[in-house]
Every structure is written in structure tokens, then in C-alpha cells.
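The values are calculated or read from the model by the stated rules, or taken from the named source; none is laboratory data. For clarity, every value in this text was computed on a predicted model and none was experimentally measured. Backbone-built Cβ (ideal geometry, glycine too); neighbour counts: all protein chains shown. Note: accessible area is taken over every heavy atom of the protein model, side chains too, but ligands, DNA and RNA are not part of it. Shrake-Rupley method; radii C 1.70, N 1.55, O 1.52, S 1.80 Å.
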Amino acid sequence: MLHKTKILKNLILILTVFGTIVTNAQQIEIKGVLQDSLQQPVAFATIIASSDIDENNVLGYTTSADNGVFLLKIKQASPLDSLWITIRHLEHARRQLHLKAVSQNITVILEKQENQLKEVQLKAKRTIEVKGDTITYNVEGLKKEKDYTIEEVIARIPGVEISDSGQIKYKDKAISHLYLNGVDLLEGRYNIATRGIPADAVEDIDIMKKHNHARIDKGRSESDDVAFNLKIKKDRSLVFGSTKADAGVPFLTGLAEGSPIYIEDNFQDIASVKINNIGKSLASNGTNLTQGNADLSTLELPDVDILTEPNTNGTSISDSYWLDNESFSITNDALIKSSDQVIFKAGTTYNKADNQIDRFSNATYFFDNDSTQVNRQTRNKLQEELFYLGLVQEINKDRLYLNNKIKLSTERTDGLSSNIQNGETIDYSYDRSTTRLSDLLEFKTTIGEQVLNNGFLIEFSESKETSFTTPAVFTDQIPSVINPDVTTQNIKTKRFNIGGYSGFTFLIGKTKWEAKQRLQWSSENLQSDLFQQSTTNDRSQSSFPFASDFELNQLESSTSLKSSYQIGKFKLRVTPQISYLYLDKEELLQTDLNQKEDYLFFEPSASLSYKLSYKWNFSLSGSCNLSTSRFSQLYNGIALRDFTSLGRNPDAINVTRATSAIFFINYDDILSGFFFNNSTRFNDNTSDFTFSSNIDENGLIQTIAIERENNSTSFSNSSNFTKRFFKILRTDLRYSFSYFEGEQFFNGNAQEFKNTNHSINLELGLDNNTWYGITYNGGFNYGISKVTNLRNTNLFLKHKLELDFYTSSKSRLNVGLESVSSTTSTNDVTNNNTLTNISYYYKPNKKLFLRVSMNNIFNEDFFTTVQNSSNFISQSQFSLRPRQFTIGLNYSL
């Protein structure tokens, strides 16, 4: 008790010190007038004051009036010897001045210059325009004849990668916002817009680097966020959008989509209705694709899914070849601007996806000089329903920012997995329902010229999970009735969470400081019941550990003080963090397992960056993090996670210590379309527990955690080259290497395993709007697994080629080919699969696309892939859809 009291006293002292930081600001006023070489006033120029030449620490900013006059006010926590003034204007060369840090009057002459590196206009076709940290791409300059939606055009921008869900990454970083005419209507659910807005409705695409969404942060706070802005053409009507329809035989398939869009100055509305059974799941349509506020995201409780749903995820080939589905989605998002600074938004989504996949897998588990083989033939079905409602109120002013977001979602998942495993039939049915309600508030204001950043979160969730496995499994471990037929697992959870944070940035001398305090309390409950029963509903009586009533109350506080110091082109950041964690866990059915513990962690991190030039950047960072078991890792009951896996968490609280280091190199040349980055990572993790697994001859696995220190090490290196040649050829080359070593117990034997993986991906695109176009995407993956004295390898090769032949100004023939080769060292057979499709497109006018296509021309039946991990290697074979003939159309409203 005395130990806890001392910890709390120290914590209060730390919070008091950070909470009483105040700044005495002194104000500098730079008054001036901007003129051109003819002594005419220059209006609407941007004037920025910073403590360094590279504008890493912005002190203030303003714009010049119609008569060229400006007034720049700078408030400093402590005086500077000098400062840099940077002046930008669209029609004049950038000008930088190095001045004494005193109030003064100046007159500045700006020179005309057409070709400035940071303010470039390529006027021949105006494909790209660079203004400071904003890059603007003209859609007509990027778009090819075959592009229909704006997503297809965005994908052509150098450095852009778009995932299957529609998430956009720019230079390997997910974008923070997608705006329509400067307004973020969709709150991260932007795949509704990118897949519904016709390409010919958009004039320009802005890429805004170092983006601050809140106006209060501009010129005051640093950011590495990237946002996209779609500028709708001014000649578009208030209502526009797109429609799409498909129909196929002999396997009766269809698709229908409509996306009406209404945009005016003070009101926006985007709706979408989609339905299909052509192999395109809509489960992720309208889901959030951005992180949002990182501080609030840290406070949110992670999802808890104790049981495993039937897997309907496929492989690297196109979904239309293998996925049997029925999907429906309807969304609507509306925005009202009561003024330029006040916005109200509402969004709703309903998705229903019914997916099915057939596969045959062969997995080999290795231990000592023996191995176990598990052969499984599976048909998995999964039906997912999602309802989402979001309400947002936002005030965005120069000295005030407020964003309040209320979210309600309900999810329902039903699944069935029918298996023949090592000759035995096993059926596994699964059901889960989840309800979540949360309110997230972000509030920012200024103290002097610095930003006080605050956030608050409250959330509640409730879920139920049930599984039935037939025939009964693990009958020797789970208490059983006579001749059990079904193994039943029930899980119920209730979770409540409340938390907040406050952060303040200030200057002391030339050092920039950011103090941040986070406080969070959560209460979580899990009830589980695992039992055997017969068809006559006779069931075994459950007691601990097969029944559990577990509660966890948790209080967490963290205090950090980040300092940032500029030394020439070097920038040093140091962030010491102190975290306090109190855990109170109770097992109501086994009270001797109840435990109360508190922890005080010191977690330092640091980074050093070097900006060699406007193209080259280097950085080195390192951190040390400590964490304890979370809710899903602390409940003590035994759970049947799926029909083959029985597991139990350790009785005690596990502490994990992680040390990491990252070295990063980046090169950007926007005008030539050349990007290069290389990242090297090292991680060393130590845990108090080691997992021990046992597998029987039927492929059933039991896993427990034993109190034995476990260490794992990983090393990885990845490189990415992106280059455009002659404005018609785009290349993207990626190489990654990863190495992981760790230890585990398997079938009673201690194992040290080492996994090594090499992968190369090459993407080429050639299209000059002539008579042909080529797109190629190739992948190479080579994996090595070493367990004790055993060594196993797998090789996977993939080629995807599309050829476009423009037979006229209105028609195009497309031939597609996907080829895969896979092999493992445990099998002498090399599996080769080649899938071919052909399509014909006709565009009678700008708004209408007609198409005819045939998929899987040669009627291939299966597709094969391989993977390896720790002590097993697995090969999977997927059933494919038969040859399919489809007709369809796209129409722009």
C-alpha cells in the first residue's frame, strides 16, 4: 500500500509540473509593403515567419492586402536572435529574407519568374501544378480513354496506391481526408465518392502535404498528414453521378449501382445503392478508411472477437474468379454549411454481404524429427450485416476548432464452415452480434499564439458470440454428457470506456516543446460458457474454467513532454513518456485468481531527421515501449476459438517490453514523377510468457501460456521505386525482406523457429491514348522456415497482364491474363494456373460505356497458393467460378 501511495504522489507531482507551464509571450510586428519590379503593389501574397530557412518551425503568417501592405504579428515564448520571412505569390518568384527578431518596417520587391521549383505551372497541358506543399493534377491530363470513375484516375498519380477496400495511400501513407470542393463530407468513408463520381465530373485533384484540417493549426502546428481534394467542374449541374449495370450467364449473375450526387455551395449530398453477385463483396463499402485524430484513436477500445468466424477471404487473384456472393449496400451522406466556419454532417450505411468460398488445404506441422499433416476440404459461408449512423458538428475558425462526432453501429454475422478434415466431417456454425455507441469530441483554442489541444471520448459496446461444432470435439478435455453430439461455446461482453487528453505546444529559447496528458478509465465484463450437449439437449454442467464470469477495471494515465530542436538541416525530437496503469481483474467463479496490480512505465523515444535538400530526407528513430495484457488476453476461462483450437490465457498479467529502431531514406522529384524510399526496421520483444501448443492426429490444437520468458527478434527492409517515363510509362518496383525468430513449445518440445521472406512486386503501365495500352503486375515471393534442424521453403509467382487495343475512337478490346505458379519443399509438384478473360468496350458518347466480357475463358477449376509461418507450411487450393459471359453498361448522370 505504501508503494502505491508513493507512486500516486509522484504521478500527481509530475502532472502538477506539466499542468502549470505558462509562457510569457513577447510580440514582434513586421510591417511592410510588397511591390513588383514596376513598383506596383502585389496583392494576395503569403508571408510566413519561421525560425529556420526550411520553415520547420512556423511562427506566424499573413497575406498582403490589395495595396500590397501586410502586417505580420509574431509572439514568442522567449526571444530569438533572428527569423526568416518567406514570401510566395503565384506570379512571382519566391523571396526569403533573414531579419533580426525585432519589430520593423520593410519594403520587398518581387521579381517575375515563370519557372520556380516550388511554384511551377506547366502550361502546355497543365497536367501538374506545384504550389508550396500542394500538388495539383489536372484530370484531363491524367485520364485515359478507359477510365470511368475518379478512383481510376487517382490511381495513375505517381506515388498513389489504392487497396481493395478503396483506401488511398500516398507514398505509403494513408490520406487523412478526402475533400469535395474543399469540404470533408464523408469523414473517412470516401470510397463512396471515389467509386461513384465519374472521372469527367472532376476538374483537378489537389494533393495537400503537411496538411492541417483545423484552421487553428495552420502556421502554428507541424503535420505530416496528406489530404486529397477533388474539384468538381463548374459546368456540372447541381445533380450528377453515375450508374452501372451488368448481367451474366450461364451462372446467373447481375450488378446494379447508382450514385446520385448533389453539390452546391452550402449543401452536399452523396447517396449510393449497390447490389451484385458477381464476386465483389460490399462489406467494406462506406466504412472508415482514415485514422482520424490519433490521440482519440489511442483512447478507443480495440475490437474483441474471442471466437473465429469462417474465413471467406480469398487470394491474390481477382475476386470475380472465385467469390460466390450476394451483396447489397445503401448509403447516404449529407452536409449543411450554416456559414463558412460551421458545418453539420450526417451519414448512414447499411451493408449486407453473403459470401461463400470453397478450398482444399494441406498443412504440415513440424516438431523434432516428426511431423503431422492436416488435410482439409472446406466450404465456408459468411453473412455480414452492418448498420452505421454518424452525426458530426464542426466549428472551424482561426482561433477555435470544435468537432463532435456521435457514432452508432450494429453488426450481425452468421457463418457456417463445412469441413472434411483428415477424413472426418466437422461442421462449425458461428453467430455474432455487436452494438457500439460512442461520442468523440475534439476541442482546440489558443493561448497567445500557441494551440491548446483537448479531446474527450465516451463509448459503450455489447456483443454476443455463439458457436456450435458437430460432431463434438475435445471430448476428453471438456466435461461431457454420455455420447455428446455438439460442442457449444457462448461468449458475452459488455464494455464501457471514458477518457480524455490535453496537449499544449510552446517555445523555450529555440526549443519547441509539446506537453501532453492522457487519462482513461474502462470497465469490461466477459461471460463464457463451454459445454457438450446431445441432440436431446442434454448438456454437461459447466464450471470454471469452462465457465467464466470475468471483470476488468482499468485506469491508465500517461504524461509526455516532446521537445523539438532545429540545428541547421538536422532536427532532433526527444519524447520521454511516463505511464501509470492500474489493473483490477476479478474472476467471479474462481476468486483466488483475482488480482490487483499497478505499474509505472518509463517509455522514451527519439528521432533525428536530416533534410539534405528539397528532394532528399533521412531519419533515424528509436523507442522503448512497455505494455501489459489487455482484456482479451486476461480472462482466464477456456474457450473453443474455432472447431480445431482450444485455448486458455495465463492466470497472471503479462508484461511485454519492446525496443525498436527505424532508419528511413526518402527521395522525391515531383515534376519527373520519381519517388524512392527505403525503410529498415529492427524490433526486439520480450514477454513473461511462452505459448505451448499440442496437435493430435485429427488436427485439433490446444494452446496454453506457460510462465517462461520469451524473446523474439525481427528485422525488415523495404524499398520502393516509382518512376514515370515520357509521361506515358509508369513503373513501380517494390522489394521487401523480413526476418523473424522466436521460440515456442509444440507437442511438449521447445522449438526455436526462424522465418525469412523475400518479395518483389513490379507494376508497369503504358498508355499514351494511342491504339494500345499495357498494364502488368508481377509478384515474386520466396519464404524459408527453419525449426530446430528442419528447413522448408515455398515459392510463389504471380503475373497479371492486361492488353488494351483501341480499335477506334469509340471502341476498345481488352485481353486479361492472370498466371500463378506455386511450389513447396514438402511437395515435388509445381502448381501452375492461368486464367484468361476478354472484354469489348464501346463508348457511343461521353456519358455511356457499353461492354461485353467473358471470364475464365479456358474454364479453369482451381487456383493454388502457399504460405509458411513458424513451424508449419500450408498449401491451399481454391475452387473457381466456371466460364462466364457478361454484358453491362456505365452511364454518367
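Exactly one residue among E802, E818 is touching a residue at least 40 places away in the same chain (Cβ under 8 Å) and touching a strand residue (DSSP E or B) at 6+ places or on another chain (Cβ under 6 Å), and that residue is E818.
Does D147 satisfy the condition of being in a loop (DSSP other than H, G, I, E, B), free of Cβ contacts under 8 Å to residues at least 60 places away in the same chain, among the acidic types (D, E) and closer than 27 Å to L729 by Cα? Don't jump to the end; show me each part of the working.
Values: in a loop (DSSP other than H, G, I, E, B): yes; free of Cβ contacts under 8 Å to residues at least 60 places away in the same chain: yes; among the acidic types (D, E): yes; closer than 27 Å to L729 by Cα: yes.
So D147 fits the description; yes.
Within the stretch 343-361, can one find any residue that is β-branched (V, I, T), within 30 Å of D398 (Cα to Cα) and surrounded by fewer than 16 Cβ atoms within 10 Å (Cβ to Cβ)? Scanning the stretch 343-361 turns up no residue that is β-branched (V, I, T), within 30 Å of D398 (Cα to Cα) and surrounded by fewer than 16 Cβ atoms within 10 Å (Cβ to Cβ).
In summary, E697 fulfils each of the numbered conditions (1) free of Cβ contacts under 8 Å to residues at least 60 places away in the same chain; (2) exposed (fewer than 15 other Cβ atoms within 10 Å of the Cβ) with the single exception of condition (1).
The residues on offer are Q577, Q541, and the sole one that is in the same structural domain as L620 (by the TED database), open to solvent by 40 Å² or more (accessible area, probe 1.4 Å) and not in a strand (DSSP E or B) is Q541. In the set (1) in contact (Cβ under 8 Å) with a residue 40 or more places away in the chain; (2) under 33 Å from the mean Cα position of the chain (by Cα); (3) part of a strand (DSSP E or B), R881 fails one condition alone, (3). Within the stretch 151-173, the residues that satisfy the criterion of being aliphatic (A, V, I, L, M) and within 19 Å of G773 (Cα to Cα) are V153, I154, A155, I157. Whenever a residue of the stretch 566-583 is in contact (Cβ under 8 Å) with a residue 24 or more places away in the chain and of a type in the set (F, W, Y), its partners that are assigned to a strand (DSSP E or B) and open to solvent by 50 Å² or more (accessible area, probe 1.4 Å), lying with C-beta atoms within less than 6 angstrom and at least six residues away or across chains, give the pairs F570/Y610; Y580/L600; Y582/L555.
Applying the condition of being more than 32 Å from the chain's Cα centre (by Cα) and modelled with pLDDT of 90 or more to the stretch 223-249 and asking which residue is most open to solvent (accessible area, probe 1.4 Å) yields V249.
Taken over the stretch 584-608, residues that are touching a residue at least 12 places away in the same chain (Cβ under 8 Å), open to solvent by 70 Å² or more (accessible area, probe 1.4 Å) and not in a strand (DSSP E or B) amount to 2. For the stretch 24-38, residues that are at pLDDT 80 or above and either open to solvent by 70 Å² or more (accessible area, probe 1.4 Å) or closer than 17 Å to S50 by Cβ (or both) total 5. In the stretch 70-94, the residue that is modelled with the highest pLDDT out of those that are open to solvent by 70 Å² or more (accessible area, probe 1.4 Å) and over 21 Å from K569 (Cβ atoms) is L71. Here S563 does not fit the description of being in the same structural domain as L700 (by the TED database), at pLDDT below 95, outside any strand (DSSP E or B) and farther than 30 Å from D669 by Cβ. Report whether or not D295 is assigned to a loop (DSSP other than H, G, I, E, B), over 18 Å from T149 (Cα atoms) and not aromatic (F, W, Y). Spelling it out, it is not the case that D295 is assigned to a loop (DSSP other than H, G, I, E, B), over 18 Å from T149 (Cα atoms) and not aromatic (F, W, Y). Set side by side, the residues L416, L382, L389, L402 differ, and just one is of a type in the set (A, V, I, L, M) and surrounded by fewer than 16 Cβ atoms within 10 Å (Cβ to Cβ), which is L389.
For D269, the test of being within 28 Å of the chain's Cα centre (by Cα), open to solvent by less than 40 Å² (accessible area, probe 1.4 Å) and among the charged types (D, E, K, R) is passed. Just give me the residues in the stretch 426-465 being surrounded by fewer than 18 Cβ atoms within 10 Å (Cβ to Cβ), within 30 Å of S361 (Cβ to Cβ) and in contact (Cβ under 8 Å) with a residue 40 or more places away in the chain, in sequence order. Residue satisfying the conditions is D427 alone.
Taking residues in the stretch 87-107 that are closer than 15 Å to I48 by Cα and not assigned by the TED database to the domain that holds F44, and partners anywhere that are open to solvent by 30 Å² or more (accessible area, probe 1.4 Å) and in a strand (DSSP E or B), not one pair has Cβ atoms closer than 6 Å while being at least 6 places apart or on different chains.
Between N229, N191, which is in contact with a helix residue (DSSP H, G or I) (Cβ under 9 Å, 6 or more places away or on another chain) and under 23 Å from S165 (Cα atoms)?
When all the criteria are applied, what remains is N191.
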